[in-house]
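So the structure is just underneath, and the comments pick up after that.
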Amino acid sequence: MRYLDQNQLQHLSAESFQARQPYPWAGIQNSLTPEGFEALRHSLPDVAGFNKMVGIKRAYGQGPHDRFLLHYQPWLEVAAPWKEFLAELQGDGYQSFLRRMLGPHKFLLTFEWYYAWQGCAVSPHCDAARKLATHIFYFNTEQDWDPKWGGEILILDSERRFRTHSAPSFDDLKVAASLEPWGNESLFFQRTPHSWHGVRPLQCPAGQLRKLFLITVNVPSFQVWWRGVRGKDPDGYHLRQQKAA
């Protein structure tokens, strides 16, 4: 089975993407084939295997990004559709898309699933400099997510009034776009010193989860190189399975 809808990816204009303000981003409809989207949605990892991240301090006074997080590692057991999708993302088709949109860089991809519950938020931030781009796939549908619950990813415009290493509030920034996080869609954006984005606190009922899958496109910065020397991936996770104590 093919998962990425290559026609949708090929129709994206790299020139329009790079020229977009306040930084390069694209909302991609029908990112996955219909069959691929359903197969992945119905075989998402169980939240029981995730780490619960609550109240973890962020730099520069930014608010915490509470969520359930599962970082992909080669030994992680995932359902067959996800194994196939992950292999496809590391194949020539997706790599060609990245080179066309971002330029002839050397890409180091990492993968994570994020699930968020009532009250979770993503404070306005720009990603770390090692992250060249991020591709976020949504896995809720209108059947399990009410628009009244929020969860929109906000593309924020600082008008270049704030340094990357600062902590503006949502009220300090203009909303350039608000992207609904459900259905067979994805958000692809390039990191810049002004690529502010965030999510306001979720208003969903207890027990409901907002579900995302993220691809981080890393570049071999000094930080990435140093982590590799210490046997870690670009996100700081060990490349080899750690033995239980």
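Any read-out appearing in this document is the output of simple, stated calculations on the displayed coordinates, not a laboratory observation. Quick caveat, the model's predicted, so the values are computed rather than measured. Note: ideal-geometry Cβ built from the backbone for every residue, glycine included; neighbour counts use all protein chains shown.
Annotations
- Rounded to the nearest 20, the size of the Cβ-charge dipole of the chain about its Cα centre is 1140 debye, with Lys and Arg at +1 and Asp and Glu at -1.
- Computed from the C-beta positions of Lys174 and Leu69, the FRET efficiency with R₀ = 25 Å rounds to 0.30.
- Leading residue at positive end of dipole, the chain (Cβ point charges), from Phe139, Ser166, Ala48: Ser166
- Over segment 133-226, relative contact order from alpha-carbon pairs under 8 Å, at least 6 apart, %: 49
- The chain - mean residue ellipticity at 222 nm from DSSP helices (-39,500 (n - 2.57) per run, n ≥ 4, rounded to 500): -5500 deg cm²/dmol
- Theoretical gain in end-to-end length, Glu77 to Gln90 [0.36 nm per residue, Cα-Cα removed]: 2.9 nm
- Overall, the anisotropy analysis places segment 6-229 in the rounded class: the square-rooted eigenvalues a ≥ b ≥ c of its C-alpha gyration tensor yield a/c less than 1.5.
- Candidates Ile153, Ile56, Ile28, ranked by Gaussian network fluctuation over the chain, Cα under 10 Å, top entry: Ile56
- Neighbour-count order for Leu202, Leu156, fewest beta carbons within 10 angstrom listed first: Leu202, Leu156
- Label-point separation, Arg161 to Gln6 (7 Å along Cα→Cβ), nm: 4.6
- Relative exposure of Leu86, Leu76, judged by other C-beta atoms within 10 Å (fewest first): Leu76, Leu86
- Share of pairwise Cα separations in segment 59-124, more than 18 Å, in percent: 57
- Extreme residue, positive dipole direction of the chain, given options Phe213, Gly36, Leu70 (C-beta unit charges): Leu70
- Global geometry of segment 36-147, whether rounded, prolate or oblate, following the gyration tensor of its Cα atoms and the 1.5 cut on a/c: oblate
- Cut-off 16 Å, label 7 Å out along Cα→Cβ of Asp146, residues of segment 187-215 by amide N: 202-210
- Each label was represented as a point 7 Å from its Cα along the Cα-to-Cβ direction; for His238 and Arg58 these points are 2.8 nm apart.
- Sites listed here are GluC sites (Glu not before Pro) in segment 43-114 whose DSSP assignment is loop and whose Cβ has at most 11 other Cβ atoms within 10 Å: Glu77.
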